[in-house]
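Scroll down for the structure; my scribbles are underneath it.
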Amino acid sequence: VRWMMYWIVFALFMAVETFTDLLISWFPFYYEIKMAFVIWLLSPYTRGASLLYRKFVHPTLSRKEKEIDTYIIQAKERSYETVVRFGKRGLNMAATAAVQAAAKSQGALAGRLRSFSMQDLRSIPDET
């Protein structure tokens, strides 16, 4: 449970850090403070991740649980529909490509065979 709390808090920190790096990376000792914060999160003596998780993350997740469940259900439904739609589109593209390749190769093959047969007929001397 402790590691779960740490990884959730660390993931949130990484998401926030993406934007804060752009805005306040010029701040003196910014990277040292960030490193000290990660060590504080990870340390078994300070239990920073557990503290932040219990004070902020868990109450927020508990309050928004129904909304999160609704979004998950919607994502499942949309993902299934999307997979089916892209699957159909992919199969249609593959079938079209196969038909086009067969048509091109058949024409090229017939022309090639025709040219070989004409050359073969011409190269045979008349023996009458």
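Roughly speaking, what is the stretch gain from ILE73 to MET4, that is 0.36 nm per residue apart minus the C-alpha to C-alpha distance, in nm to one decimal?
Roughly 22.5 nm would be gained on extension.
Counting heavy atoms of the protein chains only and a 1.4 Å probe, report the per residue accessible area for the range 1-79 as a whole number of Å².
82 Å²
Given points 7 Å out from each Cα along the Cα-Cβ axis, report the SER62 to PHE86 separation in nanometres with one decimal.
Between SER62 and PHE86, the label points sit 3.8 nm apart.
Which Cα, out of PHE19, TRP40, PHE86, lies furthest along the positive dipole direction of the range 1-87 (beta carbon charges, K/R +1, D/E -1)?
TRP40
Among the lysines, which have Cα under 27 Å from the Cα of LYS34 when same-chain residues fewer than 8 positions away are ignored?
List returned: LYS55.
Roughly speaking, what is the stretch gain from MET14 to ALA101, that is 0.36 nm per residue apart minus the C-alpha to C-alpha distance, in nm to one decimal?
26.5 nm
Heavy atoms only, probe 1.4 Å: what % of the accessible area of the range 38-99 goes to carbon and sulfur, would you let me know?
C and S fraction of accessible area: 64 percent.
The values are calculated or read from the model by the stated rules, or taken from the named source; none is laboratory data. Note that this is a predicted model, so its numbers are computed, not measured. Glycine gets a Cβ as well: all are built from the backbone with ideal geometry, and neighbour counts include every protein chain shown. Side chains are part of the model used for accessible areas, which takes the heavy atoms of the whole protein and leaves out ligands, DNA and RNA. Shrake-Rupley method; radii C 1.70, N 1.55, O 1.52, S 1.80 Å.
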